[in-house]
Amino acid sequence: MTHIIQSELPPATKGELYLRVANWAADEEDFALALKASEKALEIDSTNIVAKTLKARSLAKLGQVEAAEAELKDAPADPRVENERGCLALAQGRLDQAEAHFRGILARDPADSVAATNLAQVLILKGKIEEALTTVYPFATSNQQSSAKPVLLGARCLNSLERYIEALNLLSLTDTATMKPEELLEWNLIQGNAHFGLENWDQAADYYFEAYSIDSENPELLFRIGLLMLRLRRWEDAENAFIRVLASEPNHQEAHTLLEVSRSMQVMEAR
């Protein structure tokens, strides 16, 4: 970013370049750089909505939630601002407040896919799976969808409703070649869960271990692998999976219970 600072470009051009850097950095999850670039853009135009929302998002991702909220406090009414406010509320577990922000955006623009996807996440956390699916499904099946998130979220909802074939069909709409690693991990995990629900153990294993090759420490994935190992009566492998879940989530009660089951089965079969 130093070359932009030292350049003799017009301020407006510099501001646009800073925003490009901030957007790229946020997309790459380099939020320290995104923060610096968005601040530079705001030095040139303190009212720029894109810069404000990027700065707030970066602050929140860096753990400075109060500073993020302060950044948006006096921002003008704008769906991008409302979305960031909703995301801040969601990150802090204020589900009713987050829901109100996202519903407000959709009341003005029902075609806002970002707000719909975020609202669906809130509804899932509230246990309203069918409503979440209804909210996100039109965006997941749209030919104009540019993000994998609606598809992944919709497929998760379908799995929760035990509509596994529909989940697999929905996942087939996505182009995995354009996915980020975390999205590809999610795609394989959801595929595995659908096949698990259909009792296709070999296919479930294939997708779980493809996801494992992307992130071998993901606790949700390790838990699902543990469940699969129980189904396959591979008790020691199940035990190891649940131990690793508990290493990162020590309060995971179901993992504690199934760890004891896997150990008990080993003892019983050794007799």
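Below are the figures for this structure:
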item: Total residues in segment 124-140, condition more than 16 Å from Asp112 (Cβ to Cβ) and free of Cβ contacts under 8 Å to residues at least 12 places away in the same chain; result: 3
item: Counted residues, segment 134-173 - those being of a type in the set (A, V, I, L, M, F, W, C) and surrounded by fewer than 18 Cβ atoms within 10 Å (Cβ to Cβ); result: 3
item: Qualifying position, being under 26 Å from Thr178 (Cβ atoms), surrounded by fewer than 20 Cβ atoms within 10 Å (Cβ to Cβ), over 23 Å from the mean Cα position of the chain (by Cα) and free of Cβ contacts under 8 Å to residues at least 40 places away in the same chain, among Glu28, Glu16; result: Glu16
item: Sole residue being within 26 Å of the chain's Cα centre (by Cα), assigned to a helix (DSSP H, G or I), at pLDDT 95 or above and among the small types (Gly, Ala, Ser), chosen from Ala177, Ala247; result: Ala247
item: Residues being part of a loop (DSSP other than H, G, I, E, B) and of a type outside the set (S, T, N, Q) - total across segment 7-37; result: 6
item: Count of segment 34-63 residues which are of a type in the set (S, T, N, Q) and either in contact with a strand residue (DSSP E or B) (Cβ under 8 Å, 6 or more places away or on another chain) or within 17 Å of Ala89 (Cα to Cα) (or both); result: 2
item: Complete set of residues in segment 60-79 that are surrounded by 15 or more Cβ atoms within 10 Å (Cβ to Cβ) and within 18 Å of the chain's Cα centre (by Cα); result: Ala60, Lys61
item: Selected residue (criterion: surrounded by the fewest Cβ atoms within 10 Å (Cβ to Cβ)) from residues of segment 211-222 that are within 18 Å of the chain's Cα centre (by Cα) and in a helix (DSSP H, G or I); result: Glu220
item: Filter pass, Glu183 being over 20 Å from Asp96 (Cα atoms), buried (at least 16 other Cβ atoms within 10 Å of the Cβ), of a type in the set (Asp, Glu) and under 14 Å from the mean Cα position of the chain (by Cα); result: yes
item: In segment 80-120, residue surrounded by the fewest Cβ atoms within 10 Å (Cβ to Cβ) [restricted to those that are touching a Pro at 6+ places or on another chain (Cβ under 8 Å) and not in a helix (DSSP H, G or I)]; result: Asp109
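The values are calculated or read from the model by the stated rules, or taken from the named source; none is laboratory data. What you see is a predicted model, and the numbers here were worked out from it, not measured in a lab. FYI the Cβ positions are ideal-geometry reconstructions off the backbone, even for glycines, and counts take in every protein chain you see.
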